[in-house]
Each structure stands twice: as C-alpha cells, then as structure tokens.
Amino acid sequence: MTLSLDRKYRPETFADVAGQDHVQTTLRNAVVSGNVAHAYLFCGPRGTGKTTTARILAKALLCTLAPTDQPCGTCPQCQEITDGIHPDVYELDAASRTGVDNVREEIISRMPYAPVRGSYKIYIIDEVHMLSTAAFNALLKTLEEPPTHVIFVLCTTDPHKVPETIQSRCQRFDFHRLRIEEIIARLGLICEREGFKAEPEALQLIAQRSQGGMRNAIKALEQIAVFGAGTISYSAAEDLLGEVSSTSLFSVAELIARRDVASCFAWVASFTQGGTDIAQLVRDLSAHVRDLYVVAAVGPGSLEGLLDGDEEQIEAYRQQAAAFGSVDRLAYILTVLGDLSTELKTAASARLALEVALTRMARPDSDLSLEALAARVAILEQGGLVSVPAAKAAGTIAEAAGAMSDAQRLWASVVKGLEQQKKRRTLDNIGGSQPHLDPATGGLLIELPTNAAFAKQSLERPEVLALLRQLLHDASGRDLSITFSLGPPLATTATSAPNTPEPEVLSENGEASIAAVAEPEAIIQDVALGSEEPATADVSLDVSPGNGDPAT
C-alpha cells in the first residue's frame, strides 16, 4: 500500500522539523549533554510536530548511535520506532483510553520492568488532556518519581485542560503555528521530489488555508495533486478547498460599506448556489475585514509584515477601508462576524443567520449594542447628515446633529462605565434606550421603551440616579441631570404641538418668511439609522412680490 504524503515526508531528525527551532535546539542539547528530563509536555495546534518530535526524541535515545542528536533513521531501532512496534516505546491515545484502569494497566504496572533493548522506556501519550480526573490522579505520583529508565512525553492541543499538578512536573514546550513561508517551502520540496507541477499561487492558497499546520497543508496538496493528475493549479485549489475568491470578498464588503441590504440578500442567494460552506465564508470575510481594519488603523504608515499581498492589492484595501469611513465601524463589523461564527455552530438555518448578520453590519440601527451605537455616532461625526440647500436650515440641522451626537456620546460613556462596574441589573433596565439632550435642563433625557415602566421606576431610585449622574460627570466634567421618559420625549414628538406656528426665516431684505422645514431631529434620526434616501428640507428665501405672501 502506498504511503500518504504526510507519512512519507514525516521528519526523521530534529533538523527536519520545520518552524520549531526553540524546541529542537533544546532537546538536541539535552540529549548530547545527558540532561534529558523525565517528563515533557508538548503543547500546540494540530499538525505542528508534537508527536513527530516525541518519536525523534525516542530515536535519539534508542538509536544504535545513542545518545545522539542525529539518529540514523535506518537501524532496526529507528525503523521499529517509525513503524510503531518498538517494545520500549509505548504510544497511547488518551482520546480512546481515558480511564484510570488504562493508566494503571498500560503504564503503572509496566514501568518497574527494565527496557527490553535500550536504556530507556518511553511513554508517548497523545491528547493527554482527554484523560479522566481519576486517570490524572493515578498518573500524578508516577510523574513525580518515575524510575530512572522511564521518560514521559505528553502531547496536547488543549494545555489549559491539563491539571496544573501535572504541568508542574513536566518541562513544557509550546509548538508554534508554522509561518506561511515555511509551509510553502516544504510543499515546494515535496512537489519537486514527487514531480508535481505547482502554481505558486496554489501553494500560497494551500498554506494560508492550513491554519499553520504542516499536516493539513500536505494532505490538501495530495488531494489537489490527485484531482489534477500531478498538476497543482490555483483554480483546482480554490474549488477543492472551498475558498471564497478575493473578488467575492471585495464585492460583499462593498455592499456592506454602501449599506445596501437588498443587494446583500441577493449576493447571499447567489453565493449559496455555489455550495461553499457558509462557515468558511465567515472565516474568509473575517480575515478580509481584519485586513481592512489594519489598513484603516495604521493609516499611511508602513504595512510591512502586517498584510499579505502586493502594492496593487494593498491599494485596493486602502480604497475599500476608506469607504467604510471609520475604524470603529470596521471593529463593529468584526464583532458581528465573531458572533456569527459562534452562532453558526447551533443555528437552525446558516443562511438566515448570515442574512441577519449582514443586515446588522450594513444597518447598525438594527442592533442596540454599544458597538452599534458607536458606529452610528461615527456616521454623524463624519458629516453623514442631510444636505439642505438653504444655509439657515442647514445650520439648524447641524446644531441638532451636534446635540444628538453629544447626547449619544455621553450616554455611551455612561453605559461603558456601567459595564466596567458590572452593573448588570442597571444595564438590563436601560436596554433599548435612546438619549436626547434636555433643552430645559441641559442634561440628558433618556427615552425608554413604552412598556418599560418598571425599568423606569428602578432607574429613578436615588442610589441609581446618583451612580448615573456620577458617570455622566466623569464623561462630561459637569454636573448634569438625567431624566427618563416612556416613549419619545415631548420635545421631539412631531404631534406634541399641533398648533405650533411654522418657523420663521428672514429673507435677504430682512422680511420674515415662513418655510416648510422638516423636524431637525427626525431628519437626523432618519440618517443615523441608515436611511437609503436621506431626507432633505428645502427652504425658500424669496417673498412673492405681489401680496407679500411667502413663496413655498
């Protein structure tokens, strides 16, 4: 039977292990100097060389040349270790043998016996974090005082699940994810030896999708080589790996930046026809938005080492990052994508979850979180308001916009203070609130949902009001009042004053002119909530020459 490529090209010496120089150098020196520890803990992501390094350590101690930092790999000892049949090297899979009886039978009862062929008995336990609590307790005393001829190598992808009492009795080595360049170099070597014709872009894509694991990369390479009859093309890699193309990512990101929810839904409908996993799309889109975030945060500074791609690609990132307007909005989108990634694990409909998330990203008004509020404030601060032809009406709306922006900014600071102090009950009570500046007192007027009478009563308790006013003072530097209302405050309700006369605007000759000016705060809220067509208010400054009636 033909060996798979990941087994065929498994490293045989310390020097062959890619990307883990800090581990290999330490172990080589320990073997040569005779300072090998009785227990090691190898931690790191899958496919980074933990079990392979454990076997190489066993070869270095049992090879016919032992102790040596360069085992020959050809002697009977090395061959049997490679084949997994050496009598002095025990490999246990803790994922399938987790009980205390397995530990007692396969480890503790056999340890007192001397090695059959070499100087050591070596126990390699894969996925050691899967052992039960009783099994760990049984192993504990053995790890603390093992026979001098016994060496333990514990391997795990989840070190936080290994008890501290076990970790404290081992020398710990953390295996790092491999860099893309290291993976590409190894894939290129394999292609050369196997006679594969590989496009550099295809190897780049495979390395990016391997999540830093060499085994993942080699298995993907083998799959694509079989599909392409020895040819590793970019298109084949894209199809087999379920990769979302860069063009698609730029397209959907552009729709989000434009707040075009309808087109986002159409894009999802087209995307799902292709059969690509939605979870993979979320991962790829998260990586894309992360790159946009880096570009926006760094600004004109150097992006060397922070972003992959040539100058043309980086310029495309800069242009799209500018379309989003602010770093805060990109941070909010990354938060939504993180929530979506978690939700997809249990969602009844992955497509629906994606559509809802795209709506949240495009229209932050659909979300009442603090991050969404910050995104909406950012829109106002960038001048994303209405355009009014009349200068005086524009001035009125600009003043209202500034007032609304100040109210949101102050209230966001209060909410952040409550979160830092972990005032969960108060945070629950202010859920769905909308802040306004109170023209009567100069403080904040907080609009609560109409059915939040109990929450309003709780928030008006003296100790709660004192806390809120203190947080408001910390944010503004002034002593400001906070009052609460159920539903929109009267000052901002269009029907609150039906007999209010039309506002007057002076014409160029100083005469009064009645103008139909839209309610400023209503206009602002329309824009702040992501309206596709911002409202405008046209004001005429001319007076009819005949009877003095204002022109409209």
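The values are calculated or read from the model by the stated rules, or taken from the named source; none is laboratory data. Remember, it's a predicted structure, so these values are computed and weren't measured experimentally. Here the Cβ positions follow ideal geometry from the backbone for every residue, glycine too, while neighbour counts run over all protein chains shown. All accessible areas refer to the heavy atoms of the entire protein, side chains included, with ligands and DNA or RNA removed. Shrake-Rupley method; radii C 1.70, N 1.55, O 1.52, S 1.80 Å.
For the range 319-324, putting each phi into the Karplus relation 6.51 cos²θ - 1.76 cosθ + 1.60 with θ = phi - 60° gives couplings of 5, 6, 4, 5, 5, 7 Hz, in residue order, rounded to whole numbers and with x for Gly and Pro. Amide H contacts of Glu91: Ile124, each under 5 Å away and 5 or more positions distant or on a separate chain (H built 1.01 Å from N in the peptide plane; Pro and chain starts excluded). Amide H to amide H distances under 5 Å link Gly487 with Leu448, Thr450, where only residues 5 or more positions off or on other chains count and H is placed in the peptide plane. Separation of the alpha carbons by more than 21 angstrom is noted, of Lys50/Lys121; Lys50/Lys197; Lys121/Lys219; Lys50/Lys219; Lys422/Lys456; Lys8/Lys197, for Lys50/Lys197; Lys121/Lys219. Surface composition of the range 1-83: carbon plus sulfur atoms hold 49% of the accessible area, using a 1.4 angstrom probe and ignoring ligands, DNA and RNA.
Simple spin-label estimate for Lys8 and Ser349 gives 4.7 nm between the two label positions (7 Å along the Cα-to-Cβ direction from each Cα). What the range 53-179 shows is 48 Å² of accessible area per residue, with the surface traced by a 1.4 Å probe over protein heavy atoms.
Within a Cβ distance under 11 Å of Ala323, other residues only, what is the Lys/Arg minus Asp/Glu net charge?
Working: positive: Arg258, Arg259, Arg318, Arg329; negative: Glu254.
Surrounding charge for Ala323 is +3.
Given their separation in residues at 0.36 nm each and the Cα-Cα distance between them, Ala453 and Phe250 gain 68.5 nm when the chain is fully extended.
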